[in-house]
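**Student:** Below is a structure I'd like to ask you about.
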Amino acid sequence: MDGATLTRELTGLLGESSGSSYLDSKSTYDYLYEAAVVTVQRTDCLTGTQTITTVAEQRDYYLDADFMKLYLTDSQNRMFIKYNNGSADSFIYPITYDSIILGDNDTSQSIPSSFTIRDATPIATVSSTVTSDGAASGGVCTLTDTASNFTTLKVSVGDFVNNVSDSSHGVVAAVTSTTALVTALFAGSNNDWTSGDSYHIHPQGRFYLTLDPPPSTSSHTITVYYVKKPAPVYSSYYSYKLPMSYKSALVQYAAWLYKYRDREPNYGDAWFKYWDLNVRRIGREMNAARMTKSFRVNFIKRATNWGSYK
């Protein structure tokens, strides 16, 4: 579903013309992106994996910026991550962060006993100047800074960006190399990049995978299975990697947000109900396709006072 298709459908659903002053591109893309995120969060329809290499005595590891929540569960409805020590796989189960603090176990061991997921220390804002022009084309433009390394700086798709010189703002649509980003800019004088423009990149909130206790050995491999946040679409020519059958749900949710903005909640609530029905249908279809149950109860294991499954 590309940006052009979604914006056209939303314009029609709201009964507006393509040049309507009621609609603005930034709000339209913002609302559609919010719709995509909450739809994926409800249906678990977009998944991914992340491979992490351990460092001896290190407890915390950044999860990818598109991490939303863990995905796979065992027969007892327990989520897990896979830990490989170079010769065999082990499966590690979560406990609460409270349990880790109360356990107070800083003595490393070969294979950690458990893990948790918690909010990470914020990544620093990146501020510098672009080193070459980046003209706008199809709603996006390339930010190039040969003096920076965007991989090392942990810049990710979905981060917020400001062109200070142009007074525009927007999002990172793609990371194409260590020195180049595709960005979508709005509300500026030109909405593009000129060599010498000053910029700020504000990284989005991230999560830590926290191991308990920390591993004693480097170069072991952790595999995290997770529901992933969709990459934002802020251009007619970019698309959400979702089936076409999800289009109505995304458009209806965005219409709900627009109607609340203009204080017509009755219309908005109707679109939200349509979205909710669509999401329920999508969830049933996903469960059937994956041969999974929508709800499981664990009558075998019970938690300790610390939240552990042990």
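**Student:** I need the full set of residues from the range 189-204 which are assigned to a loop (DSSP other than H, G, I, E, B), within 27 Å of the chain's Cα centre (by Cα) and within 22 Å of Asn149 (Cβ to Cβ), in order please.
**Tutor:** Correct list: Pro203, Gln204.
**Student:** Turning to a different aspect of this structure: Just checking, does the range 43-59 include any residue being in a helix (DSSP H, G or I) and surrounded by 15 or more Cβ atoms within 10 Å (Cβ to Cβ)?
**Tutor:** Yes, the conditions are met somewhere in the range 43-59.
**Student:** Check the range 175-183 and report whether any residue there is of a type in the set (Ser, Thr, Tyr), more than 26 Å from the chain's Cα centre (by Cα) and surrounded by fewer than 19 Cβ atoms within 10 Å (Cβ to Cβ).
**Tutor:** no
**Student:** Checking Cys141 against (1) out of contact with any helix residue (DSSP H, G or I) (no Cβ under 8 Å at 6 or more places or on another chain); (2) under 25 Å from Pro213 (Cβ atoms); (3) surrounded by 12 or more Cβ atoms within 10 Å (Cβ to Cβ); (4) not acidic (Asp, Glu), only one condition comes out false. Which one?
**Tutor:** Condition not satisfied by Cys141: (2).
**Student:** Anything in the range 25-58 that is of a type outside the set (Ser, Thr, Tyr) and under 15 Å from Ser235 (Cβ atoms)? List them, or say none.
**Tutor:** Within the range 25-58, Lys26, Asp30, Leu32, Ala36 qualify.
**Student:** Select from the range 1-23 the residues that are touching a residue at least 24 places away in the same chain (Cβ under 8 Å) and among the charged types (D, E, K, R) and write down the one among them that is nearest to Tyr238 (Cα to Cα).
**Tutor:** Asp2
**Student:** Mind counting the residues in the range 144-161 that are buried (at least 21 other Cβ atoms within 10 Å of the Cβ) and outside any loop (DSSP other than H, G, I, E, B)?
**Tutor:** Residues meeting the conditions: 1.
**Student:** Can you work out which of the residues in the range 66-94 that are over 27 Å from Val37 (Cβ atoms) and among the aliphatic types (A, V, I, L, M) is surrounded by the most Cβ atoms within 10 Å (Cβ to Cβ)?
**Tutor:** Per the stated criteria, the residue is Ile92.
**Student:** Oh, and also: Would you pick out the residues in the range 211-226 that are out of contact with any helix residue (DSSP H, G or I) (no Cβ under 6 Å at 6 or more places or on another chain) and buried (at least 20 other Cβ atoms within 10 Å of the Cβ)?
**Tutor:** Selection gives Leu211, Pro215, His220, Ile222, Val224, Tyr226.
**Student:** Got a sec? Which of Leu23, Leu6, Leu102, Leu10 is more than 20 Å from Val227 (Cα to Cα), more than 24 Å from the chain's Cα centre (by Cα), part of a helix (DSSP H, G or I) and not basic (Lys, Arg)?
**Tutor:** The unique qualifying residue is Leu102.
**Student:** Now for a different question. Got at least one residue in the range 194-205 being β-branched (Val, Ile, Thr), over 25 Å from Tyr61 (Cβ atoms) and in contact with a strand residue (DSSP E or B) (Cβ under 6 Å, 6 or more places away or on another chain)?
**Tutor:** No, every residue in the range 194-205 fails to be β-branched (Val, Ile, Thr), over 25 Å from Tyr61 (Cβ atoms) and in contact with a strand residue (DSSP E or B) (Cβ under 6 Å, 6 or more places away or on another chain).
Any read-out appearing in this document is the output of simple, stated calculations on the displayed coordinates, not a laboratory observation. Keep in mind that what you see is a predicted model, and the values were worked out from it rather than measured. Backbone-built Cβ (ideal geometry, glycine too); neighbour counts: all protein chains shown.
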